[in-house]
Amino acid sequence: MNFKAMDSINKFHIEKANILHARVTWEWRNDDETRSLSRNPKIITWEEHEKWFKDSLEDPNKFIYLGISTDLSEKKSIGVLRFELINLNKSHYEVSINISPIFRGKGYGLKLLSSGISFFNSEIRKKSLIFAEIKKNNYRSSNLFISAGFLPCPSTNEGFHMYSLEVS
């Protein structure tokens, strides 16, 4: 099932991740900018990532999606979204997003996040609360989540902002 998110500038669709996406998401994860804004800034080995990715694809509490450019000239992965259940009783999920370094600053972030949330919501089909935890110095991500309708909420992790969005 693909979710189309189209406009005249950035054309892409959302698809569920599969094992073929492991390598590109690992490369993005180890990008210097990504690591500097992550909870864990260490370089992740291919073996660690491959195991995590395979396990995540099999985990019914994790949902991983990729935005795939549908530009006629070349189809490329533009970013990844991960939704992970963090509280079963309350249907709370955490979301993370990582845009490919070559697509950053080109207007894909908000469209990918909004389309990914819609895709995720259509898959789980229940009221839930989505949280995003963002390093305080990551102004672009903070602005992105606020633009997508997330509201600030208390954070228990020093050095991070927390945002939430209710979906139904």
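The values are calculated or read from the model by the stated rules, or taken from the named source; none is laboratory data. Predicted model, so just to flag it, every value in this text is computed and none were measured. All Cβ positions, glycine included, derive from the backbone under ideal geometry; neighbour counts span all protein chains shown. Areas reflect the complete protein model, heavy atoms only, side chains present, ligands, DNA and RNA absent. Shrake-Rupley method; radii C 1.70, N 1.55, O 1.52, S 1.80 Å.
A helix-only calculation puts the chain at -9000 deg cm²/dmol for mean residue ellipticity at 222 nm, using -39500 (n - 2.57) for each DSSP H run of at least four residues, averaged over all residues.
Counting only protein heavy atoms and a 1.4 Å probe, the chain has 57 square angstrom of accessible area per residue. Remark: the range 143-159, residue by residue, has Karplus-estimated 3J(HN,Hα) of 5, 4, 5, 5, 5, 7, x, 6, 10, x, 8, x, 10, 9, 10, 4, x Hz, where x stands for each Gly or Pro and the curve is 6.51 cos²θ - 1.76 cosθ + 1.60 at θ = phi - 60°.
Of the accessible area of the chain, computed with a 1.4 Å probe over protein heavy atoms only, carbon and sulfur atoms account for 53 percent.
A protection proxy built from the mean count of other Cβ atoms within 10 Å ranks the segments 149-156, 124-131, most packed first, as 124-131, 149-156. Per-residue 3J(HN,Hα) values for the range 52-67, derived from phi via the Karplus relation 6.51 cos²θ - 1.76 cosθ + 1.60 with θ = phi - 60°, read 4, 5, 4, 4, 5, 5, 8, 7, x, 9, 10, 10, 10, 10, 10, x Hz in sequence order (x marks Gly and Pro).
Only sites in a loop by DSSP and with at most 15 other Cβ atoms within 10 Å count here; which GluC sites (Glu not before Pro) in the range 62-109 make the cut?
Glu74
Summarising the amide proton neighbourhood of Ala17: residues at separation of 5 or more, or on other chains, whose placed amide H is nearer than 5 Å comprise Ile64, Tyr65, Leu66.
Proximity of backbone amide H atoms, modeled 1.01 Å from N, is registered between Cys153 and Met162, Tyr163, Ser164 at under 5 Å, excluding neighbours fewer than 5 places apart on the same chain.
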